[in-house]
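Enquirer: Okay, here's the structure, questions in a sec.
All of the numbers you see were taken from the coordinates with simple rules; none came from a lab. Because the structure is a prediction, the values reported are computed rather than measured. Here the Cβ positions follow ideal geometry from the backbone for every residue, glycine too, while neighbour counts run over all protein chains shown.
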Amino acid sequence: GDSVTQMEGPVTLSEEAFLTINCTYTATGYPSLFWYVQYPGEGLQLLLKATKADDKGSNKGFEATYRKETTSFHLEKGSVQVSDSAVYFCALSKDKFYFGSGTKLNVKP
Amino acid sequence: KAGVTQTPRYLIKTRGQQVTLSCSPISGHRSVSWYQQTPGQGLQFLFEYFSETQRNKGNFPGRFSGRQFSNSRSEMNVSTLELGDSALYLCASSFLLAGGPRNEQYFGPGTRLTVT
């Protein structure tokens with residue numbers, strides 16, 4: 001069945017470090033792919049999306065490219081800030097949404 | 001445009017009781033989905049409603065039920081509460097046309113349910 005797998009956390013980085021959170025998916029056809037972020041005590045917020053192969057989604061310095069050949073949608077940011085500390089979820093949509101297990105990011109000053 | 005709202009934000013109930021949670025979607029959104037989030041199980045899909053009809057259902061016991069009204073507002077009900085039902089319950093809405101592609105979901109802040 002359809003599913004999303006993302007790297008286990010927590011990921012701990014120093015401020016201004018480069019971030020990569022890996023996400024791979026299993027799905028037939030052409031799902032849309034998403035990254036959501038959840039700050040403590042809040043619901044999930046849409047961070048970025050891509051709806052077809054080779055699309056790059058970007059927002060607030062975060063980027064992810066829809067790679068159909070590797071079935072991946074890795075999240076990257078060139079320079080993280082303390083305020084980026086949160087839990088990040090990768091998701092795909094087909095008949096419904098499928099979410100990964102979430103990756104907690106801790107950014108130290 | 002107002003976001004997804006959920007009421008109440010916090011709830012404490014006793015084992016065996018029942019609870020009803022409410023969700024108001026973004027104006028114009030007819031699809032409403034419910035999720036249970038716990039530290040151990042992550043984000044688990046409960047069900048989705050579209051135009052007052054249940055469109056998808058997750059793997060939860062029959063104690064969990066939901067409904068959607070003609071104004072797209074949705075409620076979920078949990079009967080005979082168990083300690084393991086303690087969780088953050090999230091509602092998400094999306095703009096969806098029948099037979100159309102699935103767009104992004106927008107989440108509410110959640111209802112934190114504690115069962116004692």
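Enquirer: Determine the dipole magnitude for chain A: charges of +1 sit on the beta-carbon of Lys and Arg, -1 on that of Asp and Glu, nothing else is charged, the reference point is the Cα centre, and the result goes in debye to the nearest 20.
Expert: On the way: 11 positive and 12 negative charges, 37 e Å.
It comes to approximately 180 debye.
Enquirer: List A:V11, A:V87 from most exposed to least, where exposure is judged by having the fewest other Cβ atoms within 10 Å.
Expert: On the way: A:V11 17, A:V87 20.
Final ranking by Cβ density, sparse to dense: A:V11, A:V87.
Enquirer: Further question: Would you list which aspartates and glutamates come within 12 Å of A:K49, measuring only between C-alpha atoms, while excluding same-chain residues fewer than 8 positions from it?
Expert: Hits, sequence-local ones excluded: A:E63, B:E104.
Enquirer: Hey, another quick one. Along the positive direction of the dipole of the protein assembly as shown (beta-carbon charges: Lys, Arg +1; Asp, Glu -1; about the Cα centre), which of B:Y10, B:S22, A:Y25 reaches farthest?
Expert: Of B:Y10, B:S22, A:Y25, it is B:S22.
Enquirer: For the residues A:F18, B:F50, what sequence is obtained by ranking on other C-beta atoms within 10 Å, fewest first? Mind showing how you got there, number by number?
Expert: Working: A:F18 10, B:F50 19.
Lowest to highest Cβ neighbour count: A:F18, B:F50.
Enquirer: So, one more: Mind sorting A:S101, A:S93, A:S3 by how few other Cβ atoms lie within 10 Å of their own Cβ, fewest first? It would help to have the intermediate numbers written out before the result.
Expert: On the way: A:S101 16, A:S93 21, A:S3 12.
Exposure proxy ranking, most exposed first: A:S3, A:S101, A:S93.
Enquirer: So, with +1 on the Cβ of K and R and -1 on the Cβ of D and E, and no other charges, what is the size of the charge dipole of the protein assembly as shown about its Cα centre, to the nearest 20 debye? Don't jump to the answer; show the numbers that get you there.
Expert: Numbers: 23 positive and 18 negative charges, 117 e Å.
I would put it at about 560 debye.
Enquirer: Another question, then. Work from the charge dipole of the range B:62-116 (Cβ charges, +1 for Lys and Arg, -1 for Asp and Glu, about the Cα centre) and give the residue of B:L88, B:S70, B:P109 farthest towards its positive end.
Expert: After comparing all options, I get B:S70.
Enquirer: So how strong a dipole does chain B carry about its Cα centre when Lys and Arg Cβ are +1 and Asp and Glu Cβ are -1, to the nearest 20 debye?
Expert: Numbers: 12 positive and 6 negative charges, 22 e Å.
Value, rounded to 20: 100 debye.
Enquirer: Which whole-number value in Å³ per residue fits the convex hull of the alpha carbons of the range A:1-83? Please list the in-between numbers first.
Expert: Details: hull volume 8.8 nm³, N = 83.
About 107 Å³ per residue, rounded to a whole number.
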